[in-house]
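The values are calculated or read from the model by the stated rules, or taken from the named source; none is laboratory data. Here the structure is a predicted model, which means the values were calculated and not measured. Quick reminder, even Gly has a Cβ in these numbers, built from the backbone with ideal geometry, and neighbours come from all protein chains shown. SASA here: full protein model, heavy atoms, side chains in, ligands and nucleic acids out. Shrake-Rupley method; radii C 1.70, N 1.55, O 1.52, S 1.80 Å.
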Amino acid sequence: MHALWRLAAVAVAAVCGIVSAAGIEDGEKRSGFDFMAPATQALQADDMSNPGMLWVLQGEQLWQQAQGRADVACSGCHNDARQTMRGVAARYPAFDAATGRPIDLAGRINSCRAERQQAEPLAPESDALLALTAYVTHQSRGMPITPATDARLARFRDNGRRLFQSRIGQLDLSCASCHDDNWGKRLGGSVIPQAHPTGYPLYRLEWQTVGSLQRRLRNCMIGVRAEPFAFGAAELVDLELHLMDRARGLLIETPAVRP
Amino acid sequence: MARTLVNVPKVAKQGEVVEIKAMIAHPMETGYRIGPNGSNIARDIIRRFTCTYNGEEVFSADLFPAVSANPFIAFTLVATTSGTIDFTWTDDAGKTQTASATITVN
Amino acid sequence: MHEDPLRAYAGLVGRRQFLRAGMTGLLVISLPRWAVARPSLDEAIRTFTGGANVLDGRVRLDLPPLVENGNAVGITVVAESPMTEDDHVRRIAVFNEKNPEANVVVFHLRPRSGHAMVSTRIRLATSQVVVAVAEMSDGSFWSSRASAIVTLAACIEDLS
């Protein structure tokens, strides 16, 4: 009896495996916004009460500040971000020829800082880096995610998909176990969203501050009792690539608010 | 770099009641959290918020640790004359941050 | 199939929440020191009113009944008042039942406020009662209370 039951479980697991490989149907794709309580949605919707706007505003000021040995501001080369940065975040991560790897938006901003401004790179999750990233991404708010088509990215995106589907941690769960197979269900008081990267950097009520997509991914890894990848790790950028691909067509919301 | 966001209507009619919103980036550290080293993280909060209209105090608030990080306050004022509306936030250490906006009343 | 690991995850969150409690200092079970030390809701209100009688009515407190995350709960308090020199709201105070401190915020209003209407965002350590008290220019006090059920987020970060 027991053995039979176990056999059935294995069969179900095999079927589940096929289902989860298919992921979320296009028509069913929904931003994390849709899973939030009305009060949290209202917080995001009003720029005058959305705390994430404080970082966007700081980013706007930093954009104009001369920095580093080159003593030049972002605006010195890129002029008005409202024009030159429009749509950029919607296609990141992009291929970085210098390293032969994908680079995410925060990485690109830091590389401009190091190489063009000749200034110290900004620390991961520092207010300044979050502010600049939020400001640049905000220029794409309302635009659909359109992942870069560069063929050199394919191999890294595939690795991201593989990571998304691999079981990790003491709980032996993959990202897909929750976000492909169980989205919409409740888990310890919160709804499992589909894990779309539409709002980052975003203001998370739990953090009481703005954080990056990498911080969010590390949170989920810690949640299943796995050792999280370090900030800036290649694996996190590969995961970001896969998440953007999965979210193709959804609109950028930055700065979003999440519980 | 002060990080504040204030919203005051640019134009209002004489006698109109207008809504004012004010927000500031601040951790509002409660003093009750315990840091990684096992000891309490020192309290650091905005204690007082004031709003003046052409120099006269028209609204203020005393804040306690139960006010959320990055405090947000919305209130109303009667638009009387054109001029400046100033905002001041004072923290535990007595340090102040300010913001201001102008309003045209006709 | 996925039910069991998910439940295990939720259980784990429960433990983490508990660990984290030391950090946020927001759960009553974690820090009995302040739980014992803080004045009760009624004591805190009495301190504010100087012992005056508090009447029901003339004040409305909007608080979402179900809160997704206790770190930022939007509230609005409205008091009925003509807001004239002779008859206006002087102060509006907000108190909570179960945070480490009973006081939340005190707003000081003037006739020039036009309306007695204020909004802010507050922290709620756990499900509890919140009370708003308005002090009128004639020295009377009016109040309104509401309660909120607080559910916390699931994916919790380590302290480091």
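Roughly speaking, what is the stretch gain from A:Gln170 to A:Arg186, that is 0.36 nm per residue apart minus the C-alpha to C-alpha distance, in nm to one decimal?
3.7 nm
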Under the rule of at least 5 residues apart or a separate chain, name every residue whose amide H is placed under 5 Å from the amide H of B:Asp92. B:Ile45, B:Arg47
Residues A:Asp96 and A:Arg162, FRET efficiency given R0 of 25 Å [Cβ-Cβ distance, rounded to 0.05]: 0.75
Residue by residue through C:119-131, how many Cβ atoms from other chains fall within 10 Å of the Cβ on average? 4
In terms of the ratio Rg/(2.2 N^0.38 Å) built on C-alpha atoms, what value belongs to chain A? 1.07
Between region A:209-259 and region C:110-130, what is the separation of their alpha carbon centroids in Å? 34 Å
Can you give me the Cα centroid spacing of region A:91-132 and region A:182-199 in angstrom? 29 Å
When you look at the Cβ of every residue in B:34-40, what mean number of other chain Cβ atoms sits within 10 Å? 3
Any chance you could look up the accessible area of A:Leu130 with a 1.4 Å probe, heavy atoms only, rounded to 10 Å²? 10 Å²
Is there a simple number for the mean count of other chain Cβ atoms within 10 Å of the Cβ of residues in B:18-29, and what is it? 3
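Sorted by mean Cβ packing within 10 Å, highest first, what order do the peptides A:123-129, B:10-16 take? Don't jump to the answer; show the numbers that get you there.
Working: A:123-129: 16.4, B:10-16: 11.9.
Ranking, from highest mean packing down: A:123-129, B:10-16.
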If R0 is 25 Å, what FRET efficiency do you get for B:Glu57 and B:Thr102 from their C-beta distance, rounded to 0.05? 0.90
Highest GNM mean-square fluctuation, chain A, Cα pairs closer than 10 Å: which of A:Gly107, A:Gly199, A:Gly27? A:Gly27
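Can you tell me how much longer the chain between A:Ala151 and A:Gln61 gets when fully stretched, taken as 0.36 nm per residue apart minus their C-alpha distance, in nm with one decimal?
This chain segment gains 28.8 nm when fully extended.
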How much accessible area per residue does the protein assembly as shown have, in Å², with a 1.4 Å probe? 44 Å²
How big is the protein assembly as shown in terms of Cα radius of gyration and Dmax, in angstroms? 25.1, 85
Dividing the surface of the Cα convex hull of region A:92-220 by four yields a projected area in nm² of 9.5 nm²
So the C/A interface buries, both sides summed and with a 1.4 Å probe, an accessible area in Å² (nearest 100) of 2700 Å²
Report ³J(HN,Hα) in whole Hz for each residue of region C:60-66, in order, from the Karplus equation J = 6.51 cos²θ - 1.76 cosθ + 1.60 where θ = phi - 60°; Gly and Pro get x. 10, 10, 9, 9, x, x, 10
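Of C:Leu66, A:Leu217, which has the most accessible area with a 1.4 Å probe, and how do the rest follow in descending order?
The ordering from most to least exposed comes out as C:Leu66, A:Leu217.
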